[in-house]
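The values are calculated or read from the model by the stated rules, or taken from the named source; none is laboratory data. Model, not experiment: these values are computed from the prediction. Positions of Cβ are generated from backbone atoms using ideal geometry, with glycine treated the same way; all protein chains shown enter the neighbour counts. Please note that ligands, DNA and RNA were not included when accessible areas were found on the heavy atoms of the full protein model with its side chains. Shrake-Rupley method; radii C 1.70, N 1.55, O 1.52, S 1.80 Å.
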Amino acid sequence: MKTIITFIACIYTSLGLYSQTTYIWTGSLNNNFSTASNWSPTRQVGLTTDILIFNTGTPLNIINVNQVTLGQLIVVHNTQLRLSPSTGNPKVVSIQGISAGNGPLGEHINIADVKYKEYMLPESEDIATQKYKEYMITDKTEEQNDIATIKYNEYKIPPKIGMGDLKSANSEFDFSYTDDLTIDSTSSLTIIGNDPRLSIYLKQNATASIYGSLILTGEGLNSINSFGTYAITFKTGSSLVQSCPGYIFTNTGVNNSVIFEDGSTFVVNHSGALDPFALQAPSSKVSFYDHSNLKFTVNNQNALKINGRQFPNLIIGSNCNINVVESITSDVQINDLEINTGGFLYIHNISAANVPHFNIKGNLSINGELHFPQNEGTYLTLNFNGTSQQIFSGNGDIDINAGVKVLNIYNDILLNRDLTVRCMVVHHNGTINTNGYHFRVYDQYSSREQIPDGMMIISHESIKDNKSANKENKNQSTENNSSAVPEAFSISQNYPNPFNPNTKIDYTLPKTAFVKIMVYDLSGKEIATLVNTSKAAGRNSLEFDGTNLASGAYIYKMIAESGNGEIFTKTMKMILTK
């Protein structure tokens, strides 16, 4: 089949249709990208229309990639390709593109016409004669016109993914690709750049479709960019993994050059990675579909910038700690928000210029920690405003603290967990289904509807706009002062947080208990014991002074043991910033 492909490429050239060759990696000599004998046919000179195909179905570690411009780069058939640059200056693989009229199979060439001409060549040993033998046709004189017509009609049938040298997607090997950088769903391309870095750039009219995985790794500032808008598409099931520092989308090229379709994933896997949108809002190099995924897997305080952004599904990985301390002046939108066990996300607005809206339009799955810390004079407006029912699940800690000025509910809510809110709640539209769980509001609550079963308004009088809402609900518990006995053991998120150098911690006891509250650093070393005594039922507040501590994250833990052997424990994190 490789011989046929090479022969077809040569026939095209002899017919004067174009000057282009398809090179297939064989790795017959070594793994050097620039060594001619590693290619079939032997690759002597790189042309801007050349197609490079990696289809061995094996892991390939190829070195010495120089500055190169080519027509198409294709990675298919379960091939795991790794490219690293030669020494010297930073290297760029520039993809010229042949899929938009730039090269041999552009829009001005009809593949059916090409094949028809091939099969009508008059010489006795032309391509038509070879195809007669292949199809066991013996009477060439009588059948030549017929077989040529048959082949013409076969090539009139569109291939699976575009124009090509083989007749259909059912061929043994199909190398007809409409996109100039293609990674199929079984394959991956890894760019490894330390010193120097190695980057990819798609030139005018070139396009990329990633069905598998594209990985940028190393300690170089590797990147992928495009001349054209929406030229690079990550398809459903694909992934882009950033395991290198900096911006992988740079100022090179145009805005909105990259699309992540529903079901694709962008993974940030380096502590030195920077904002994946690359540009200051509202400009962006990336356009996320609502149900694509942006996932963080390592601690990084600089890669997640939320001001003015529209996020897809946002995923905070296990033991990944993200502390957003940002001047948020424009609205933010997130679809689903998922925080895995051991991960935490702090959203901390430091701008007092206005009160921007933080919109959550999808589901919350919190098995780690989600916090909106309090900061004097700065707030967010938090909105639950999806287009379908929003489901809240997980067993982690959700602390909607005084950093949120008001929580607006515009949509149907289903609880698969308890939810505590420490700010004013306004229920505009939709149904709140507590589903047997508790929805506690430690502030005012305003609604046109009757308070749902399982909702408890604590500390402030409930406000209702409809007289029917004044009906007593048997599951409602309203407390108007701090002297009322709490329903459960609890300890709150410290506030403000981050803090410098003092912060307050509130905790509640439903009954007399022996209470111990300790502070630890991240190594597990105990820094201070804040409480170590028996306390009566009630609400309590303490102040922690971090004057003598270094900036960073700390842990505080409460243990409360009542007389009947009941033990309550809870661990929280706080950030000291000096």
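Numerical summary
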item	result
Filter result for S40 (open to solvent by 30 Å² or more (accessible area, probe 1.4 Å), over 24 Å from T87 (Cβ atoms), of a type in the set (G, A, S) and modelled with pLDDT of 80 or more)	yes
Every pair of residues 6+ apart whose Cβ atoms lie under 6 Å, when the first sits in the stretch 311-329 and is over 14 Å from V268 (Cβ atoms) and assigned to a loop (DSSP other than H, G, I, E, B) while the second is open to solvent by 30 Å² or more (accessible area, probe 1.4 Å) and at pLDDT below 90	S327/I350; T329/A353
Hits in the stretch 295-310 (condition: part of a loop (DSSP other than H, G, I, E, B) and more than 15 Å from T329 (Cβ to Cβ))	T297, V298, N299, N300, Q301, N302, A303, L304
Contacts under 6 angstrom Cβ, first residue in the stretch 237-253 being without any contact (Cβ under 8 Å) to a residue 40 or more places away in the chain and under 20 Å from H291 (Cβ atoms), partner crowded, with 18+ Cβ neighbours inside 10 Å and hydroxyl-bearing (S, T, Y), 6 or more apart	S239/S213; S239/T265
Scope the stretch 504-538; condition touching a Pro at 6+ places or on another chain (Cβ under 6 Å) and either of a type in the set (D, E) or in a strand (DSSP E or B) (or both); matching residues	T508
Lone qualifier among G27, G106, G71, G57 - being out of contact with any helix residue (DSSP H, G or I) (no Cβ under 8 Å at 6 or more places or on another chain) and modelled with pLDDT under 90	G106
Among residues of the stretch 92-103, those that are at pLDDT 90 or above and buried (at least 22 other Cβ atoms within 10 Å of the Cβ), counted	2
Pair list, Cβ under 6 Å, 6 or more apart: the stretch 517-532 residue within 17 Å of I575 (Cα to Cα) and open to solvent by less than 30 Å² (accessible area, probe 1.4 Å), other residue among the charged types (D, E, K, R) and assigned to a strand (DSSP E or B)	M518/E526; M518/K557
Matching residues, the stretch 543-567, being open to solvent by less than 80 Å² (accessible area, probe 1.4 Å), touching an Asp or Glu at 6+ places or on another chain (Cβ under 8 Å) and either at pLDDT 90 or above or closer than 20 Å to S492 by Cβ (or both)	Y554, I555
Every pair of residues 6+ apart whose Cβ atoms lie under 6 Å, when the first sits in the stretch 49-65 and is outside any strand (DSSP E or B) while the second is of a type in the set (A, V, I, L, M, F, W, C)	T49/I98; D50/L70; N55/V76
Filtered residue count, the stretch 417-438, keeping only those that are of a type in the set (S, T, Y) and open to solvent by less than 30 Å² (accessible area, probe 1.4 Å)	1
From T250, T233, residue being of a type outside the set (A, V, I, L, M, F, W, C), surrounded by 16 or more Cβ atoms within 10 Å (Cβ to Cβ) and assigned to a strand (DSSP E or B)	T233
Among (1) over 20 Å from N194 (Cα atoms); (2) in contact with a Phe, Trp or Tyr (Cβ under 6 Å, 6 or more places away or on another chain); (3) open to solvent by 10 Å² or more (accessible area, probe 1.4 Å), the one test that N255 misses	(2)
Residue check for F358: open to solvent by 10 Å² or more (accessible area, probe 1.4 Å) and closer than 29 Å to T250 by Cα	no
The stretch 66-80, residues that are farther than 23 Å from Q96 by Cβ and in a loop (DSSP other than H, G, I, E, B)	H77, N78
One residue from D275, D184, D180, D262 being among the acidic types (D, E), open to solvent by less than 10 Å² (accessible area, probe 1.4 Å) and either under 23 Å from E338 (Cβ atoms) or touching a residue at least 40 places away in the same chain (Cβ under 8 Å) (or both)	D180
From I334, I306, I339, residue being crowded, with 18+ Cβ neighbours inside 10 Å, at pLDDT below 95 and farther than 22 Å from L214 by Cα	I306
Residues of the stretch 406-430 that turn out to be touching a residue at least 24 places away in the same chain (Cβ under 8 Å), part of a strand (DSSP E or B) and over 30 Å from K557 (Cβ atoms), as a count	5
Residue match in the stretch 388-401 (condition: open to solvent by 10 Å² or more (accessible area, probe 1.4 Å), among the hydroxyl-bearing types (S, T, Y), under 23 Å from Q493 (Cα atoms) and in a loop (DSSP other than H, G, I, E, B))	no
Matching option when the condition is over 20 Å from D397 (Cα atoms), β-branched (V, I, T) and modelled with pLDDT of 90 or more, among V519, V531	V531
Selection within the stretch 309-331 - more than 14 Å from the chain's Cα centre (by Cα) and open to solvent by 50 Å² or more (accessible area, probe 1.4 Å)	S318, N319, V325, S327, T329, S330, D331
